[in-house]
Structures are given as structure tokens and as C-alpha cells.
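The values are calculated or read from the model by the stated rules, or taken from the named source; none is laboratory data. For clarity, every value in this text was computed on a predicted model and none was experimentally measured. Positions of Cβ are backbone-derived with ideal geometry, glycine not excepted, and every protein chain shown enters the neighbour counts. Areas reflect the complete protein model, heavy atoms only, side chains present, ligands, DNA and RNA absent. Shrake-Rupley method; radii C 1.70, N 1.55, O 1.52, S 1.80 Å.
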Protein chains: 2
Amino acid sequence: MSELITKAKQLKQATKQLSVLSTEEKNEALAMIADALVAQQSYILQENEKDMIAGKENGLSPSLLDRLQLTEERIMQIVDGVRQVITLPDPVGETIEEWTRPNGLHLKQIRVPLGVVGMVYEARPNVTVDAASLCLKTGNAVLLRGSSSAIHSNKALVSVMQEALERSPIPADAIQLLEDTSRETAQHMFRLKEYLDVLIPRGGAGLIQSVVENATIPVLETGVGNCHIFIDESAQKQMAIDIVLNAKLQRPSVCNAVETVLIHEKWPYTKELLETLHEKGVELRADKQLATIYPFIREATEADWATEFLAPILAVKPVKNVEEAIEHIDRYGTKHSEAIISECNEHVQQFFARVDAAVLYHNASTRFTDGEQFGYGAEIGISTQKLHARGPMGLRAITTTKTLVYGNGQVRT
Amino acid sequence: MSELITKAKQLKQATKQLSVLSTEEKNEALAMIADALVAQQSYILQENEKDMIAGKENGLSPSLLDRLQLTEERIMQIVDGVRQVITLPDPVGETIEEWTRPNGLHLKQIRVPLGVVGMVYEARPNVTVDAASLCLKTGNAVLLRGSSSAIHSNKALVSVMQEALERSPIPADAIQLLEDTSRETAQHMFRLKEYLDVLIPRGGAGLIQSVVENATIPVLETGVGNCHIFIDESAQKQMAIDIVLNAKLQRPSVCNAVETVLIHEKWPYTKELLETLHEKGVELRADKQLATIYPFIREATEADWATEFLAPILAVKPVKNVEEAIEHIDRYGTKHSEAIISECNEHVQQFFARVDAAVLYHNASTRFTDGEQFGYGAEIGISTQKLHARGPMGLRAITTTKTLVYGNGQVRT
């Protein structure tokens, strides 16, 4: 039998024990994982070194190599993450709603684990541990499908975690790494409805699209953020400049960074904003109108409005009013995070009612779209779809519900 | 441009108006639809007659013809359904959660429409109106893809509804029927991510599988219910008999009917139960053990345990204990509705903790898995998947969320 099927069966088997564990038992197991990762640090670094050597030989880019690399410090960050998950409240078992019907049936909807979660991700080995700890905390088993470039690191991390689980209340089989990283096996995994309950892809647009295109298992889609900030006529000068700089430059490579700024044509501080951005090293692309006025601005192409630059590049467009800003976002946005900077309550309400996105901001940076920043404590991804969970996904997003119905002989008439 | 794309664009355009309508405006439009359906009754019946004639010519089965047929009484039931939806509370705009972060950001998660819902369904023309009224009540636009056998009925119903909307606050474009019922166009529809937010298939297993297999749009899967009742050693005789008869016979063709009864081998009333079932015309299939004792019982095949009979046929199996019952359900169940009849609290708890299904019953019939019976007022389907909504889906299931974040200049550090 193939590795995939064998491991999928073991995972499904493990869910039987996982679903009845107490929070204390799950936390005990997570603490053992944290300790084991510390104790086995040098083994993990040594295996990671193999991936680094192979990566250099295969010509991986410096930024990919950086994502792949583990250091003592990075392992400690990973361990801190596991310890953080231990402190979070356990959503499993929570009563969501409870009600009684006229015929006396008593209904109670409670939160339960999803079952087996399939994580599909790219280079960064920290996802291996992050995903495993979030899944175990919620009583889920997890099939980890990382990339071939991180195979030695992932094998080391998973074997250390499994060894720790051997001495814990959680079965070691609850975490499995798919070592066969071939495309064919991935395709098979995406359709393994009998064993997997959900797929969570994390990585670039290509990876996510491949999962969405090929999966028959429900997917929690994460990803692309073409985020906008609309600066209204009444926006405060310094606030607008600070927010745009933060949203573009604090970490340009992430999905909640801003990609296009829409400026009300009567806002008086456009010049100051654009010059500050230019000074800070942001490459600006704008309408012909602005490109003619400012020598440092390049004329934007149609493609620029639709691009998630993930770099210090910003598209800029003057708009007549809030309606035109909304229309632009409707057309080019990816329903991730959209902001309005304004002192006009009516415009804020209009923007909040009409813009269709996971998170809408008034007078704040789009960079706050994040599980940690929202107060969820941890994050398994940011959902850009509308079903199940929208926006940052914390522990609750990897649970489902059960409705328990208590009767005394009721039949339907 | 193809009909599909033209209509999909109109629907997306309509969502802009739909998302800002008040509950009163939506109810006003629904009342106009109800009145128009009454007024245009004879036109609808006349168009339905064309489908009936074609259906007979094409050799549709009597049960399919029955599903297809409209009568004055059935139209009144459909109209009553619309009027019922008017009375239901509107979930759109509800605040789900509201909280403030240490940095002063105030977050408010509210319920909003999904956008454009794609309904994919078979013969019954009542689904056309049911789905449209549930979608409009929640501010969603809806693309209806019914079967070719009901095309005249569906065209008549949709044109009557659209005409009513012309005089209402809801744009008439918010309801669209896909008249091209070809397989190719359906496949295209299932992948139209740019315009459709969700697909809801309702119908037989073949239809649902085709949607799940081919869709790239998120699917709210409904459907198959291979439901079990476990009769524990301590189960009351009359209660067990009444519940099994109700769950099997009250409406055998539906997904929440029972298909297999698991009986604790020490339960003293097996004989009475089986004889009563036989007298009531239920065909019984059981283990060799029982088939040898009772001449009216046929020996079950492996396939019988996995079959949703949707008919007065019942599989029966003696089990040693609650654990064996759970194992059987784990293996053959479809995670829909599962019941335990027992006077032992410990066994009920074990069953509720271990069985993985949308709805679990203690001492009640599985037939209650239904939006109306749960008190949701209406139902767009019963979800058999674990994401977004599990079990009966009412109005809330066709909404998503938005998080509104109120700041005063916060940037991320």
C-alpha cells in the first residue's frame, strides 16, 4: 500500500482517541513536543543543513534559502509558538447554542475537531510545527505535505514530535509527514475524501490554485491580498501618511500589505504623501495625470491595478469620490483587507456597507489582518474565501460542530 | 457573450444593491413575489403542463413525474413557503462578536450576504422559488440551474418572480435562470469563481458528486444519509419500536430516514421489533444469525451496510456493545444523523463523544434532522460536510462575515 494511504488510515484511526482527550492531556503532549524540540535542536539543525546544501546546489534564490534556514534562534521561536498554543483556550467542547423545541426535544450545538487536516505548504519548516501544534490543540490529526526542498528538516521535526508523543496521551500517529512529495501523490491527496476532512494550502498563488483546481475535499483557501487604502477628502494629513507608510513598508512581502492607494482628488496633501513615499524608497506607479507632474512616478499599466507587488512598489490613483474608490476596489480587490482614512462618518459607513472584503479598516493600517493582532493568539492562515471562516483563522477555524439532540421518545408526525 | 456569463455579470451587479437593502425592503419584495405567484397561477400551470407532456414522452418514471408536477395546491404551498420566509428574522447585519484590542482598535464581526449563490438541482420546480426566496431574504443574488425536464416550469416561475421584482426595491436581475442546461455549461458554471461565491447542489448522489468533482467554487455539500439507530441493552421496548418505525417508514425516500438498526444482543425485544417491522411491510436484511432464525429475513450482503435504501428496506445487525455499534457507524455511516436508544447515561455520553456526525440523537427519531424541525424556519439543504455549516442549513448558512475595524491612526509595529 502506498505511503499516502497507510498514513491517511493511521491518521483516521488516531482521531478516535484525539476526539475524547481533555484539554489538560492535549496541553501535556504539546509541552512534551516543546521540550523535545529544545533537546533535539542540534539534530534538527544538522538535518536542516542537508536541505540548505541541496538548496544551494539546486540554485534556490537567496530569499527561498532564507525561508528554509533554521537557526538556534528560529527553533526557539518555533518552541515559543508551541508554548503559546498551550496557553490558548481550547475551543473543543464549547457550547455554541442550546435550545428546546415545543415537542420537548433539547438541542445543543457543540464544537468538535474537524478530524484529519491536510496542510499543503512550501519551504518554511516552521509551518510543520505551527500547524501540528494548532491541530493537536483542537484534537485534529494532521497530514503534513511540505515541499521537497525542506524534506530533511520536516522529517527531523516530525520524528522529534512523534517521539515526544510516544510518551504522551496523544497517539504518535496523529502527526504524519508525507515524504513522497511528487505531484501525482499530491493530486491523489487532494481527492482523498475518505480520510481527509479539509485541506489548508499555505504558500504562493500557484500552490493555492493547484489545490483549489484539483481538490474534491473542502479547501480553506488562504492567500492573495491586493489590498487598498482610500484616502478621503477629509483624511488627516499625518495619519494618512503614517498609515500608508506602515501598510506598504513595515513588511512588504505579506498579504496584508497595501498595493494601491486611492486618493480623493480634493485631498490637499497628495504631494507630501507621494514625496515621502519616494524618499522612503517606494517605487510609485500612477495615472498619467500624476506621472506627468512627478518625475519619479512611472505610468501605471492596467496590470498594475491587479498586481500583488509583495515589494516596495505602490500603485496610486486619484478618484473623484468614495463611490469611485469602491468601484475600483470592486474591480481589482481580492476581498482581503481594505481601508478608508476619513473624518466623514457617512463615507465610512458607505465604504463599510459596500466594500466586500474579509476585513475593513477605518483609520488604521491593513497590516493588522492577522490572528495574533486580532487577539486569536495564533493563526493557521488568513481565509480569503467566504465559507466557514473569513479573515484570520485561529483555533476555532479548525473545528466543526455536532448537534446533540436529547429526547424522550419523540417521533416525527 | 454566452448566456451564462451575461447572467453571472448581471447577478454580480445586482449584489451591489442587495447588500445595502433593509429587511423591510427585502420583505416587501418577497410579498410581491408571493402575490404574483398567486395571480399568475394559471400561466405557471400551463407551462408546467408542457414539461409534463415532454416528461411522459421521454419516459420519465412516475415518481419523477410526480416531483415535476405542479397543481393549484402545490403552488399555494410554494406561496406559503415564501410568506413563511418573510416572517423569519433577517440574519444580515447581526453582530456576531465585538471586542477591543489593547492598542485601542475596536473590532466588530457582522453577518453579510455571501454574494451570488449557485443552486444546482433536479426536477422539483418548488426548489426554484424556495431557493430564490431564501437567497433574497439574506441579500444574496441567485443563479438557478435546474434540470432540462423542468425548463418550462422554471422559466415561468422565474419570469413571474422577476416581473414582481421590477416593482420592488430588489433589482429583477437578482434572480436568474440558466436556460442552457447542457453539461458543458454546467461544468463552466462550477468553475466561475469570478462571479459565483458558493454552489449548493440539491438532488441525487450523482448530481452532488458531479458538482464536488468539478467545482473550483466552494461547495456546500448536501445529501447522502446512511443513518443508524443503535438499540442499547437498556432501551425501552415501545420507545425503540416506535422510533425505528417512524425513522424507517414516515418518509422512506429522504436522507434522514434510518437505513440500519444495530441491536444490542442482550436487548430482550428483538423478536417483537423484527416482527412488527415485517408486519408493517419493511423488507429486512440481516446477519446470517438472524436470517436463520426468521424466515422473513434475507441475509445481508456487505453492500447492504453501505446502502442508502431510500425505500422500506432495513438492514439489521446484532452488536455486542456500544463500542461495536460505534465501530460499525464509523465504518459505514455518512456523518449525517445517528441515534442511540438507551436508558444508560454512560453509553449515551460515549456514543455522543465518539460518533462523528452532524446530528446525534438520544431517544428520538433521526427524522428530526430538518431546518423546520430544528426551529430554523426554513432550510436551503442539509450539509453533510464539516466546513461552514453542518446539518440543517437555515438562513444563516447563506451568509458570511465581515470584520469592521475602527481605529484612530493605529499602525503596526
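Figures for the structure shown
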item: Condition check for residue A:390: free of Cβ contacts under 8 Å to residues at least 60 places away in the same chain and under 14 Å from the mean Cα position of the chain (by Cα); result: yes
item: Members of region B:390-400 found to be at the interface with chain A (Cβ under 9 Å from one of its Cβ atoms) and farther than 12 Å from residue A:386 by Cα, listed by number; result: B:390, B:391, B:392
item: Any hit, region B:37-57, residues being among the aliphatic types (A, V, I, L, M), assigned by TED's automatic domain parsing to the domain that holds residue B:129, in contact with an Asp or Glu (Cβ under 8 Å, 6 or more places away or on another chain) and open to solvent by 30 Å² or more (accessible area, probe 1.4 Å); result: yes
item: Residue A:308 being within 25 Å of the chain's Cα centre (by Cα) and in a helix (DSSP H, G or I); result: no
item: Selection from region A:196-210 of residues that are within 10 Å of chain B (Cβ to nearest Cβ) and outside any loop (DSSP other than H, G, I, E, B); result: A:198, A:209
item: Of all residues making up region B:341-380, the number that are crowded, with 21+ Cβ neighbours inside 10 Å, more than 7 Å from chain A (Cβ to nearest Cβ), more than 28 Å from residue A:196 (Cα to Cα) and among the polar types (S, T, N, Q); result: 1
item: Filtered residue count, region B:131-160, keeping only those that are polar (S, T, N, Q) and in a helix (DSSP H, G or I); result: 6
item: Selection within region A:381-391 - open to solvent by 10 Å² or more (accessible area, probe 1.4 Å) and not hydrophobic (A, V, I, L, M, F, W, C); result: A:384, A:385, A:386, A:388, A:390
item: Residue B:413 under 18 Å from the mean Cα position of the chain (by Cα), more than 7 Å from chain A (Cβ to nearest Cβ) and polar (S, T, N, Q); result: no
item: Qualifying position, being within 14 Å of chain B (Cβ to nearest Cβ), open to solvent by less than 20 Å² (accessible area, probe 1.4 Å) and β-branched (Val, Ile, Thr), among A:112, A:160; result: A:112
item: Any hit, region A:168-186, residues being open to solvent by less than 10 Å² (accessible area, probe 1.4 Å) and within 14 Å of chain B (Cβ to nearest Cβ); result: no
item: Residue list for region A:70-105, filter: β-branched (Val, Ile, Thr) and either open to solvent by 30 Å² or more (accessible area, probe 1.4 Å) or more than 29 Å from residue A:47 (Cβ to Cβ) (or both); result: A:71, A:86, A:87, A:92, A:95, A:96, A:100
item: Selected residue [away from chain A (no Cβ under 14 Å) and open to solvent by 50 Å² or more (accessible area, probe 1.4 Å)] from B:302, B:323; result: B:302
item: Selection from region B:278-300 of residues that are part of a helix (DSSP H, G or I) and either in contact with a strand residue (DSSP E or B) (Cβ under 6 Å, 6 or more places away or on another chain) or modelled with pLDDT under 95 (or both); result: B:288, B:289, B:290, B:291, B:292, B:293
item: Looking only at region B:216-240, and only at residues there that are open to solvent by 10 Å² or more (accessible area, probe 1.4 Å) and aliphatic (A, V, I, L, M), the one that is farthest from the other protein chains (Cβ to nearest Cβ); result: B:224
item: Pairs with Cβ under 8 Å, 6+ apart, first in region B:14-34 and open to solvent by 10 Å² or more (accessible area, probe 1.4 Å), second in a helix (DSSP H, G or I) and among the charged types (D, E, K, R); result: B:16/A:330; B:16/A:354; B:19/A:354; B:20/A:354; B:27/B:137; B:31/B:83
